[in-house]
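The values are calculated or read from the model by the stated rules, or taken from the named source; none is laboratory data. Computed from a predicted structure; not experimentally measured. Cβ coordinates were reconstructed from backbone atoms using ideal geometry, including for glycine residues, and neighbour counts include every protein chain displayed. Ligands, DNA and RNA are stripped out before the accessible areas are found, and what is left, the full protein with its side chains, is counted by its heavy atoms. Shrake-Rupley method; radii C 1.70, N 1.55, O 1.52, S 1.80 Å.
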Amino acid sequence: METTTVEKKKMEQVIIPCDYFLNMSKKDYSDYQSALIREFFQNSYDAGAKNFGIHTDSEHCKAVFTDDGCGMDEEVLRNKLLVLGASHKPKDGSVGAFGHAKLLLYFSWDKWEIRTQDLLVTGEANYFNIEKVDEWYAGTKSTIWIPENIERSIKWSINAYFVYCDTNCKVTYSRNDNDPEVVKQGCTTGQKVFDGESFNIYEGLEVCGYYMLIRQNGVFMFKQFLNGN
């Protein structure tokens, strides 16, 4: 028998434990710390950012990701970013789309915050609140409160990821009260073997063997070793 609207109102909702999304992310990403850096950067790059900053605070165990892109309005936040299964591409040729990665970027953490345009989003795992604020923020600032062991590994993950990128977006990293340092890009490129409209394929040689590397609009997507390692 079909459930009526009245009967649906009496139904209870499935409860999602706070650690559910982080456990899922660990299964979905072989290196979820590096994936965290990659997904935040891809979203910022798609938003047209020319500057992307990463800051970690070891005292308060938090990581802050900032950009000067187009930001997000309330419609995008409510109906795209903060909806499971929804996606959003700000322009043709976008690298990301607010897809499955949102589980890792926000919902996996006990506490998180988004500041963009005239909006402030405060969240705890899969719960959130959106409010209007007076001061305009040109871009997006995402703050996540993370375990200490992840904070310590972020620096390594940053360098391991951006050596394969080659974009016109300036990337900086700072820790605690130290001044930001520019993160080098394009250190490992390999030889281009395919030149597509929006993505390129390179091959190269490292200690582990020959690899195939794919970039989309200069953004490093993934690397595959050709000898099976």
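Give me the aspartates and glutamates in straight-line cross-link reach of Lys111: C-alpha distance below 16 Å, same-chain residues under 8 apart excluded. Hits, sequence-local ones excluded: Asp19, Asp57, Glu59, Glu124, Glu148, Glu151.
Under the convention that each Lys and Arg Cβ holds +1 and each Asp and Glu Cβ holds -1, the size of the dipole of the chain around its Cα centre is about 440 debye. Per-residue Karplus couplings for the stretch 130-145, computed as 6.51 cos²θ - 1.76 cosθ + 1.60 with θ equal to phi - 60°, are listed in order as 10, 9, 7, 10, 6, 7, 7, 10, 7, x, 9, 10, 10, 10, 10, 9 Hz, Gly and Pro entered as x.
Rounded to whole numbers, the Karplus 3J(HN,Hα) couplings from phi for the stretch 177-186 are 9, 6, 5, x, 10, 6, 8, 6, 10, x Hz, using 6.51 cos²θ - 1.76 cosθ + 1.60 with θ = phi - 60°, and x at Gly and Pro. A probe of 1.4 angstrom, applied to the heavy atoms of all protein chains, finds Tyr137 with accessible area near 60 square angstrom. Put simply, the amide H of Lys62, placed in the peptide plane, has neighbours under 5 Å in Asp57, Ile146, leaving out anything fewer than 5 places away on its chain. Comparing Ser25, Ser142, Ser58 in a Gaussian network model of the chain (Cα springs below 10 Å), the most mobile by mean-square fluctuation is Ser58. Under 5 Å from the amide H of Lys170 lie the amide H atoms of Asn51, Phe52, each residue being 5 or more positions distant or on a separate chain, with H modelled from the backbone and absent for Pro and chain starts. Using the Karplus relation 6.51 cos²θ - 1.76 cosθ + 1.60 with θ = phi - 60°, the per-residue 3J(HN,Hα) values for the stretch 206-222 come to 10, 4, 6, x, 6, 9, 10, 10, 10, 10, 10, 6, x, 8, 5, 9, 6 Hz, with x marking Gly and Pro. Helices in the chain, meaning DSSP H runs of at least 4 residues, each add -39500 (n - 2.57). Divided by all residues, the mean residue ellipticity at 222 nm is -6000 deg cm²/dmol.
Longest exposed-loop-site-free stretch of the chain, with GluC sites (Glu not before Pro), DSSP loop and at most 11 other Cβ within 10 Å?
Values: sites that count: Glu2, Glu12, Glu59, Glu197.
Result, exposed sites excluded: 60-196.
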